[in-house]
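I have placed the structure first, in the form of structure tokens, so that the comments after it can refer back to it.
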Amino acid sequence: MTDDTMTDDTTVDEANVDDTATSDDTTAHDARPEPLTVTYERLRHSTDAAELHEFARRPLPDRSEQAAFSRATALLEAVAGNPHTPEEDRVFLASTMPFPNVLVKLSEDASAAVRKAVAANTDDKNWLVGRLTKDDVSEVRDVALHNKRTSWKMRLEGAQDPNMDSDTLDFLSRLGTELEPDANVVLSSMVRRAVALNPNTSQETVERLADDPSAEVVHAARRRLSQ
């Protein structure tokens, strides 16, 4: 288990308050209940795809059952971090789980499809989405920049990235006007200005920004058009 293990309400250590597992956590060969740490390590190193699939898709206990809920979310971290968990199950967890300890594991997954699902998860913390705006795969970066949890700092850096694709730049160029009209005026204007100056921004987008409500964006766009 990692030092940065986190959940919204629980950690693996907290889940240890229920140090004896229910019969659901036992193996076919051993009917005795396992302590949480034993089950966690077994799942973390398991090569049994069927067992990992079952844990990934197992419905979570109700939050009112605090010990059982804590245990289940802790074990999902082990399943999420195991590369033997089927990819479709890792994508499922990345898309549906709100727990930072699980999403952190999945954000480091070798599969771009899994990281993309994390990037799109609107339950992400902004620091985690921000990490994915720096991903090696452009599609993952693009999805992260579309996530409303992404900070304005990361959006600005994306708008300034000379390798950013024109579709994502077009998306960023609409923030604070057509999209998220209640956004911070100064920050959204800075992003649109950076888009206007980005060499990968399409002619059509620059022409639209030449009529932007912000004078600094208009100035940047018209300077681009005059070149």
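General observations
- Tally, over region 69-87, of residues that are open to solvent by less than 30 Å² (accessible area, probe 1.4 Å) and either under 19 Å from E51 (Cβ atoms) or not assigned by the TED database to the domain that holds L43 (or both): 13
- The residues of region 132-166 that are surrounded by fewer than 16 Cβ atoms within 10 Å (Cβ to Cβ) and β-branched (V, I, T) amount to a single one, V137.
- Flag for R63 being in a loop (DSSP other than H, G, I, E, B) and of a type in the set (D, E, K, R): yes
Yes or no, residue by residue, for (1) aliphatic (A, V, I, L, M); (2) touching a helix residue (DSSP H, G or I) at 6+ places or on another chain (Cβ under 8 Å); (3) over 24 Å from H45 (Cβ atoms):
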site: K105; (1), (2), (3): no, yes, no
site: V114; (1), (2), (3): yes, yes, no
site: L128; (1), (2), (3): yes, yes, yes
site: L145; (1), (2), (3): yes, yes, yes
site: E157; (1), (2), (3): no, no, yes
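- Boolean, L225 is out of contact with any Phe, Trp or Tyr (no Cβ under 6 Å at 6 or more places or on another chain) and either under 26 Å from S107 (Cβ atoms) or surrounded by 15 or more Cβ atoms within 10 Å (Cβ to Cβ) (or both): no
- Test for L60: is it crowded, with 21+ Cβ neighbours inside 10 Å, at negative phi and in contact with a Leu (Cβ under 9 Å, 6 or more places away or on another chain): no
- Among the residues making up region 58-96, a single one is basic (K, R) and closer than 14 Å to V114 by Cβ: R90.
- Within region 108-125, the set of residues being polar (S, T, N, Q) and crowded, with 19+ Cβ neighbours inside 10 Å comprises just one member, N121.
- Matching option when the condition is within 23 Å of E54 (Cα to Cα), buried (at least 19 other Cβ atoms within 10 Å of the Cβ) and in contact (Cβ under 8 Å) with a residue 12 or more places away in the chain, among L128, L93: L93
- The helices (runs of 4 or more DSSP H) falling completely within region 88-141 that include 2 or more residues that are modelled with pLDDT under 95 and outside the structural domain of A49 (by the TED database) map to 126-132.
The values are calculated or read from the model by the stated rules, or taken from the named source; none is laboratory data. Please read all numbers here as calculations on a predicted model, not as lab measurements. So basically every Cβ, Gly included, is an ideal-geometry build from the backbone, and we count neighbours across all protein chains shown. Please note that ligands, DNA and RNA were not included when accessible areas were found on the heavy atoms of the full protein model with its side chains. Shrake-Rupley method; radii C 1.70, N 1.55, O 1.52, S 1.80 Å.
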